[in-house]
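Peer 1: After the structure tokens below, expect a handful of questions from me.
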């Protein structure tokens, strides 16, 4: 289990996170939601120690991430940022980088097996020798997911993985993310703005407002009243073909 306990973080004295606490179970996909500036991206970068919180802790199966070595942290947590730098490297080598925390003198046959499995899981086996700068945005996002899977983490963090993707690639990306959680038993925390994608593919929902956890729970908490309070605008919740759908401005 992943347990975030009383995280506080400030930029230059301005509080961004104020006592954030929640849990994520293995095999669960949790959406982090809220307006711009609510602290969503700061939260995931504090969890993976890109930023250091002023206080609080993140525990993975009872072990404090704050006391781990960088190598141990990389074997426990994988991170897919909003933007990925393109380089003249192959898809296979990009995914193999996910195995770097496990290298001793170099990649082992087991590492290569894990990379093959990760490529298969995102449908990129035939792309292995393609270069990243030849790929579309959706294909690059799949490569980053494959690399995160290859790390064999207990926790996967994703910061707006569907930004700049067309609708088809948005749905494919979220389907893969849910598959990572459910099939690989990974706890997944995904920062996302699209409420309908979150409702369709995530198991639970963590709403941040003004740096605090406003509400956390399943679909039952996603009400018109809550959305009005969090986003400051009217939103209607409807059922369409058995799916819960949010319509802004109604």
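The values are calculated or read from the model by the stated rules, or taken from the named source; none is laboratory data. None of these values were measured; they are calculated from a predicted model. FYI the Cβ positions are ideal-geometry reconstructions off the backbone, even for glycines, and counts take in every protein chain you see.
Peer 1: Based on what the data block shows, is residue 6 modelled with pLDDT of 95 or more, more than 23 Å from residue 198 (Cβ to Cβ) and touching a strand residue (DSSP E or B) at 6+ places or on another chain (Cβ under 8 Å)?
Peer 2: Taking the combined requirement at face value, the residue satisfies it.
Peer 1: Let me ask another. Only one of 97, 65 is in contact with a strand residue (DSSP E or B) (Cβ under 8 Å, 6 or more places away or on another chain), surrounded by 13 or more Cβ atoms within 10 Å (Cβ to Cβ) and touching a residue at least 12 places away in the same chain (Cβ under 8 Å). Can you tell me which?
Peer 2: The unique qualifying residue is 65.
Peer 1: Looking only at residues in the stretch 129-142 that are within 24 Å of the chain's Cα centre (by Cα) and surrounded by fewer than 16 Cβ atoms within 10 Å (Cβ to Cβ), which one is nearest to residue 82 (Cα to Cα)?
Peer 2: Selected residue: 137.
Peer 1: Can you list residue pairs whose Cβ atoms sit under 6 Å apart, with the first residue in the stretch 151-173 being under 14 Å from residue 200 (Cα atoms) and the second being part of a loop (DSSP other than H, G, I, E, B) and at pLDDT 90 or above? Count only pairs 6 or more apart in sequence or on different chains.
Peer 2: From residues that are under 14 Å from residue 200 (Cα atoms), there are no pairs.
Peer 1: Has the stretch 110-126 got at least one residue that is assigned to a loop (DSSP other than H, G, I, E, B), in contact with a strand residue (DSSP E or B) (Cβ under 6 Å, 6 or more places away or on another chain) and surrounded by 13 or more Cβ atoms within 10 Å (Cβ to Cβ)?
Peer 2: No; the residues of the stretch 110-126 include none that is assigned to a loop (DSSP other than H, G, I, E, B), in contact with a strand residue (DSSP E or B) (Cβ under 6 Å, 6 or more places away or on another chain) and surrounded by 13 or more Cβ atoms within 10 Å (Cβ to Cβ).
Peer 1: Could I ask something else about it? Test each condition in (1) on the phi > 0 side of the Ramachandran plot; (2) in contact (Cβ under 8 Å) with a residue 24 or more places away in the chain for residue 102 and report the one that comes out false.
Peer 2: In the conditions (1) on the phi > 0 side of the Ramachandran plot; (2) in contact (Cβ under 8 Å) with a residue 24 or more places away in the chain, residue 102 misses (1) alone.
Peer 1: Can you name every residue in the stretch 224-250 that is within 13 Å of residue 196 (Cα to Cα) and touching a residue at least 12 places away in the same chain (Cβ under 8 Å)?
Peer 2: Correct list: 227, 235, 236, 237, 243, 244, 245, 246, 247, 248.
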